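The values are calculated or read from the model by the stated rules, or taken from the named source; none is laboratory data. Quantities reported herein were computed from a predicted structural model and do not represent experimental measurements. Glycine gets a Cβ as well: all are built from the backbone with ideal geometry, and neighbour counts include every protein chain shown.
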Amino acid sequence: MKAKILSASLTNITLAAKHLREGNVVGIPTETVYGLAGLAFNEDALMRIFKTKERPTFDPLIIHVAMIKQNQSALKHLVRSELVQDSKLSDSAKRAVELLTKKFWPGPLTLVLPKNPKVPDLVTSGLPTVAIRMPRNGVAQALLAEVGTPLAAPSANRFGKISPTTAEAVAKELGDKIDFILDGGPCEIGLESSVVAIQEDGSGILLRPGGIPKEEIEKTLENSLFYPQQISQKNRKKSSQGQASPGLLENHYAPNKPLKILPKRVDLLSAEEFKKAASDALAKRSKIGLLVFSGDVEKVELTVSAWTGCKITVRSLTASLSTEFSTDEAAKNLFSQMRALDESDVEFLFTEPCESKEGLGFAIADRLQKAAVK
Ligand code: TXA
Ligand code: MG
């Protein structure tokens, strides 16, 4: 492996910043997932991001900006940084941006806004809008301050694969292709940011559920978010308003092994129902991996093994032994547990459905849907 995992010391942050200013890419921690960063206004760096991730250039990137002083207007900052064109924003849209940035920045909210013509088309895939967020992770912020200019950073995984939530996971995904990964420890949230496009009338479209619960965004906007369940690639190309998001494509966040969502929580399933849901895997006598949201892992392993006569490896997304669990805790562990099962010797993955739609439950359910085989 080529990549060096660097502790987030001041010396290493300076080294990473220098590497970035020379047009290279670096793996960086954020509070959501690890990103693959490059200078947002440098075409070579942007090309490197797409090439390293094997990402098609029709999928636009998120720009990450440095913190501003409290009481400063984030929108004015974005305009001054030549990222956003405020003449294209109505007064209602400006108000919505002010409300959302005051409440959620720095943090896991990405806003899609009219772009300044100086933002390279590679960042936005030629769309008239640009996606921007202000991360709250301390290492990301220290790096942004040191670099002194915005950074484009998609999640640091190969296109369509599981997003990394540790420096080691970045190394497994991209370690042969990049020089440095800054280690900020496991990500605080574990799921990508919520992506919201602000409309002319000040309302928002939720392009990707994520680190901030939908209902919290709605409360702040005093308005419901429009949530386009699924937009096919064909329709996305047709839509010129930047309203659709490739993040809504179906084949995202997928493990290498097939993953299927069970119809119910394991403790509510009968042996027959489990065997029916897992019939493909059982016919091949495959080793099975099972993700549960809570409960006694060993007990579930014994029960399901007895039902099927197959070896079952169970991993839980939370430490809760009852059916109650925290969706924050489940979100934080989702990608790392999915990745751990994917890397083990199991051949088929199954997961319980996310029954709680509270808090981050909605975003977890979205990621499971996209990871699952259709
Ligand atoms: O939490 C995050 O957002 C992480 C960390 C690293 O910051 N980044 C991330 O980037 O998830 P990425 O590239 O994996 O996802 C970016 C999402 C994609 O779904 C993309 O389609 C959407 O943002 N996006 C970017 N620009 C857009 C635009 N102008 N209009 C609509 N969607 C856009
Ligand atoms: Mg991604």
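Looking at region 137-157, which of the residues that are part of a loop (DSSP other than H, G, I, E, B) and within 11 Å of ligand 1 (Cβ to nearest atom) is surrounded by the most Cβ atoms within 10 Å (Cβ to Cβ)? Walk me through how you get there before you give the answer.
Applying the first criterion (part of a loop (DSSP other than H, G, I, E, B)) to region 137-157 yields 137, 148-150, 153-154, 156-157.
From the residues that got through so far, the ones that are within 11 Å of ligand 1 (Cβ to nearest atom) too are 137, 153-154, 156-157.
On the way: N137: 26, A153: 26, P154: 22, A156: 30, N157: 25.
Among those residues, the one meeting the criterion is A156.
Restricting attention to region 278-307, which residues are assigned to a helix (DSSP H, G or I) and within 28 Å of the chain's Cα centre (by Cα)?
Looking only at region 278-307, we keep the residues that are assigned to a helix (DSSP H, G or I), and these are 279-283, 297-307.
Within region 278-307, just V297 meets the criteria.
Can you confirm whether region 88-107 contains a residue that is within 16 Å of ligand 2 (Cβ to nearest atom) and either of a type outside the set (A, V, I, L, M, F, W, C) or in a strand (DSSP E or B) (or both)? Checked against the condition, which is being within 16 Å of ligand 2 (Cβ to nearest atom) and either of a type outside the set (A, V, I, L, M, F, W, C) or in a strand (DSSP E or B) (or both), region 88-107 yields no hits at all.
Any idea which of A131, A152, A156 is within 24 Å of E43 (Cβ to Cβ) and touching a Ser or Thr at 6+ places or on another chain (Cβ under 6 Å)?
Details: A152 fails: touching a Ser or Thr at 6+ places or on another chain (Cβ under 6 Å); A156 fails: touching a Ser or Thr at 6+ places or on another chain (Cβ under 6 Å).
Criteria check complete, one pass: A131.
Where strands (runs of 3 or more DSSP E) fall wholly inside region 159-277, the ranges with 1 or more residues that are within 30 Å of M47 (Cβ to Cβ) and modelled with pLDDT of 95 or more are 180-183, 194-198, 204-208. Check K357, K332 and return the single one that is within 17 Å of S194 (Cβ to Cβ) and either modelled with pLDDT of 95 or more or of a type outside the set (D, E, K, R) (or both). Going through K357, K332 in turn, just one is within 17 Å of S194 (Cβ to Cβ) and either modelled with pLDDT of 95 or more or of a type outside the set (D, E, K, R) (or both): K332. Residues in region 115-125 include at least one that is within 16 Å of ligand 2 (Cβ to nearest atom), at pLDDT 95 or above and not hydroxyl-bearing (S, T, Y).
The residue that is farthest from A331 (Cα to Cα), counting only those in region 158-174 that are within 12 Å of ligand 1 (Cβ to nearest atom) and of a type in the set (G, A, S), is G160.
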